[in-house]
């Protein structure tokens, strides 16, 4: 079985427990068995069409069932949430989404800009704020320079908001910057296969 | 006595307790007594020169004395901090600066982007995130839509970071969005004359 998440910048694959990604602007070169289907979750219809021209794909979106009141939740967020029974899910990519699950119910979530975007934003406010971020800041020390003041200003508010929502719930991180943020949450879990676990759950529900 | 803070977008004046601002791209038209000096704190040297061509100005910057280890603190931030003995100062403008004072010592601070910048940034991440912010969100309710998820993602992290730093210290807000943010901090104070109070403190130190 081969699973594929199609995002804005990459195709992410999982096959036999192996996870890899390829850039979105080329069609992935895959070794599949004859007639093998790629199960897909996509937020990028152009890239989906490109994959479908070369391979047999099966879009799982119509089968995504997440108990939520949230209107307009991205299918990638919904599927990752399906992999979690109770906890706070932080997906740290070009945007950082934070979603709260309790007993398989999605209670809501929020969206914070990704780390790279912040750096652009400060530079746009003032040339004096055009500084390289210090990713090794200590949240317990108050910043004493512009570079630290900016780094703290990006990272600490997110951490405090997540801590406040999590209380005693587990924190699960995924996405490109997930491992980075995990250092700030004691006992947190980094799991880059979360969306694939959600996809497997949907497929198991088919009861072949 | 007339006081003027020269920022990136406006001249801010205080005279006889009255506060007003004028756009930075024109020279202010002031009614002064003959030989009257304008006391100035400036982060904008072009605008300062323009004012100095028409009026007699006295730059207070060399007399700013703030007990701090912070390297590169903007003069406007430093002067506003001088007006506070103990507390957390939030100056919410095109950038949002948060500074912590204890017994007239500046313990450090951080910089968060201003509200307007965030809206641009979300739109740059994805057209799906191009939403008008909902400024009337309730921080105790988890967002159930993209617009609320973005609004919560901008506002709540800042609030949580400030709360955490403030503990039992007073929170004092200033700047264009200071009054807006005050609703989230029970017992907080909005004071748009803070920088002028700092300037008056410096001038009093001259002991005429």
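Coordinate-derived values only; no laboratory data. Source: prediction; values computed, not measured. With ideal geometry, Cβ positions are generated from the backbone for all residues, glycine too; neighbour counts draw on all protein chains shown.
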Please give the helix B:194-205 orientation as an angle from the longest Cα principal axis of chain B, in degrees from 0 to 90, rounded to the nearest 10. 30
With an 8 Å Cα cut-off and a minimum separation of 6 or more residues, compute the relative contact order for chain B in percent. 18
Taking Cα atoms only, helix A:115-125 is inclined relative to the longest principal axis of chain A by an angle, in degrees rounded to 10, of 50
If labels are modelled 7 Å from Cα along the Cβ direction, residue A:65 lies from its partners in the other copies at nm distances, smallest first, of 7.3
Virtual spin-label span in nm between residue B:203 and residue B:124, 7 Å along Cα→Cβ: 4.0
To the nearest 500 deg cm²/dmol, what mean residue ellipticity at 222 nm is calculated for chain A from DSSP H runs of n ≥ 4 alone, each contributing -39,500 (n - 2.57), summed and divided by the residues? -9500 deg cm²/dmol
Note: residue A:37 to residue A:1 extended length (0.36 nm per residue) minus current alpha-carbon separation gives 12.2 nm
Average other protein chain Cβ within 10 Å of Cβ, residues B:51-58: 0
Roughly what would the spin-label model give for residue B:85 and residue A:85, points 7 Å off Cα along C-beta, in nm? 5.5
Please give the helix B:45-54 orientation as an angle from the longest Cα principal axis of chain B, in degrees from 0 to 90, rounded to the nearest 10. 40
What gaps in nm, shortest first, separate residue A:141 from its twins in the other copies when you place the label 7 Å past Cα toward the beta carbon? 4.2
Distance in nm between pseudo-label sites at residue B:179 and residue A:27 (7 Å out along the Cβ direction from Cα): 6.0
Give me the number: length gained by fully extending residue B:116 to residue B:189, i.e. 0.36 nm times residue separation minus the C-alpha to C-alpha distance, one decimal in nm. 24.0 nm
Need one value for B:138-146: mean number of C-beta atoms belonging to other chains within 10 Å of its residues' C-beta atoms. 5
Label position 7 Å from Cα toward Cβ: report the copy-to-copy distances for residue A:27 in nm, one decimal, ordered from shortest. 6.8
Relative contact order (%) - criterion: Cα under 8 Å, at least six apart; region: region B:2-59: 35
Calculate the mean, over all residues of peptide A:160-171, of how many other protein chain Cβ atoms lie within 10 angstrom of the residue's Cβ. 3
